[in-house]
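Scroll down for the structure; my scribbles are underneath it.
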Amino acid sequence: MANRGRPKDTSDYALYKGDELLAIGTLDELAEFRGVSRNTIYWYSMPANKRQDRGNKVVAIKLED
């Protein structure tokens, strides 16, 4: 999928479902792991996704360098 002009993010993210750690990796690695697009993993890291009140939803947290 096109990156729409944004620089490629090579940061690591932690992917959680509820309190369970699913995986740690880059957006591309986590997208392959989940079988979704890179943009979906990026959406998991957005505040709007985190505000939605759904039980056991998937969230991504960008890890600091």
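Above 21 Å, the calculated P(r) of the chain contains 18 percent of its Cα-Cα pairs.
Annotation: for a label point projected 7 angstrom from Cα along Cα→Cβ of Asp53, residues of region 11-38 with backbone N closer than 19 Å are 18-19. For the chain, adding -39500 (n - 2.57) for each run of n ≥ 4 DSSP H residues and dividing by the number of residues yields -7500 deg cm²/dmol at 222 nm. Straight-distance candidates among the aspartates and glutamates for linking to Lys8, with alpha-carbon spacing under 15 Å and chain neighbours fewer than 8 residues away dropped: Asp28, Glu29. Taking 14 Å as the straight-line reach from the Cα of Lys57, the aspartates and glutamates in range (excluding those fewer than 8 positions away in the same chain) are Asp19, Glu20.
Basic side chains Lys and Arg get +1 at the Cβ, acidic Asp and Glu get -1 at the Cβ, and with that the dipole of the chain about its Cα centre reaches some 400 debye. Packing here is the average count of other Cβ atoms within 10 Å per residue, and on that basis the peptides 44-51, 25-32, 8-15, highest first, run 25-32, 8-15, 44-51.
No lab work stands behind these numbers, since they all come straight from the coordinates. As the structure is a computational prediction, the values presented were derived from the model and not from experiment. For neighbour counting, all protein chains shown are included, and Cβ atoms are generated from backbone atoms with ideal geometry for every residue, glycine included.
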